[in-house]
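Taking it in order: structure first as structure tokens, then the write-up.
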Amino acid sequence: MWNAVFWGGISGSAVLLGALAAILIPIKKNIIGYIMAFGTGVLIGAAAYELLADSVSDGGIWATGIGFIAGAGVFTALDFLISKKGADKRKRSNNSSSKEAGLAIFIGTVMDAIPESIMIGASLISGGSVSWLLVIAIFISNIPEGLSSTTGLLKSDYSKKKIMLLWFSVLIISALSSMSGYLFLDHAPDYVLAAMAAFAGGGIIAMIASTMMPEAFEDGGPITGIFTAAGLLISLVLDSM
């Protein structure tokens, strides 16, 4: 259980590190785009190789397909609702957000983090060791999220202390979500684990398409394509190790 808490906290800490970097170090917009593009590639690979491939192998195509579509659908519906309040800017560094949008940005970030962290905890169930590919992919993708969101919130006159408290709470939520994935999915049938993994994979792919990829291209331009490809290649290497 404590391993799940630890690794969930590690993945969530990347948002905090990204926030610290945005506060302490002036980072150019295109660099944020390149980091996000690389994280996008790694995260696509993690969803495909670690979540969906294992889901099909363990639970079959029907459980995987239903879980995947459900995850993408639920994320898209929730994202649509909170985007109206300003959460569409949660990965944007060049747009300032109203004070009102701050809570929506926070909720959106938590919404991104929960399914990822649950699957980190669930990955500990079968072999007792964490999925390195998942942890690394989520960690890398969370750094530019912390960078971009913090830059946007700073432009909206959020205090540094308030921003750090928000992202520290994301770390805590990530750790608790990972613990929940470990506790509640332990001894679950294979098809349930497969559906949950596919559900998380669907949510991750929908999140990448609606938030990470547009921001990466907006910040970095066409060259972000090679960074995304490099990230996907790294995830393939990690999966084969």
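The values are calculated or read from the model by the stated rules, or taken from the named source; none is laboratory data. Keep in mind that this is a model prediction, so the values were computed, not measured. Every residue, glycine among them, receives a Cβ derived from its backbone with ideal geometry; neighbour counts consider all protein chains shown. For the accessible areas, the whole protein counts, side chains as well, though only heavy atoms, and no ligand, DNA or RNA atoms are used. Shrake-Rupley method; radii C 1.70, N 1.55, O 1.52, S 1.80 Å.
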I need a count of the residues in the stretch 178-196 that are open to solvent by 10 Å² or more (accessible area, probe 1.4 Å) and within 14 Å of the chain's Cα centre (by Cα). 0
Residue satisfying all of: in the stretch 6-64; under 24 Å from residue 210 (Cα atoms) and not in a helix (DSSP H, G or I); least open to solvent (accessible area, probe 1.4 Å) among these: 27
For residue 165, which of the numbered conditions (1) in contact (Cβ under 8 Å) with a residue 24 or more places away in the chain; (2) open to solvent by 50 Å² or more (accessible area, probe 1.4 Å); (3) farther than 19 Å from residue 72 by Cα; (4) not small (Gly, Ala, Ser) fails to hold? (1)
Take the residues in the stretch 125-146 that are modelled with pLDDT under 80 and under 13 Å from residue 34 (Cα atoms), then tell me which one is farthest from the chain's Cα centre (by Cα). 144
Which residue pairs have Cβ atoms closer than 7 Å, lie 6 or more positions apart in sequence or on different chains, and pair a first residue in the stretch 215-241 that is more than 19 Å from residue 135 (Cβ to Cβ) with a second residue that is assigned to a helix (DSSP H, G or I) and hydroxyl-bearing (Ser, Thr, Tyr)? 215/148; 216/40; 216/224; 217/224; 220/34; 224/34; 227/34; 228/40
Of everything in the stretch 222-241, what is surrounded by fewer than 20 Cβ atoms within 10 Å (Cβ to Cβ), of a type in the set (Gly, Ala, Ser) and at pLDDT below 90? Give them in sequence order. 240
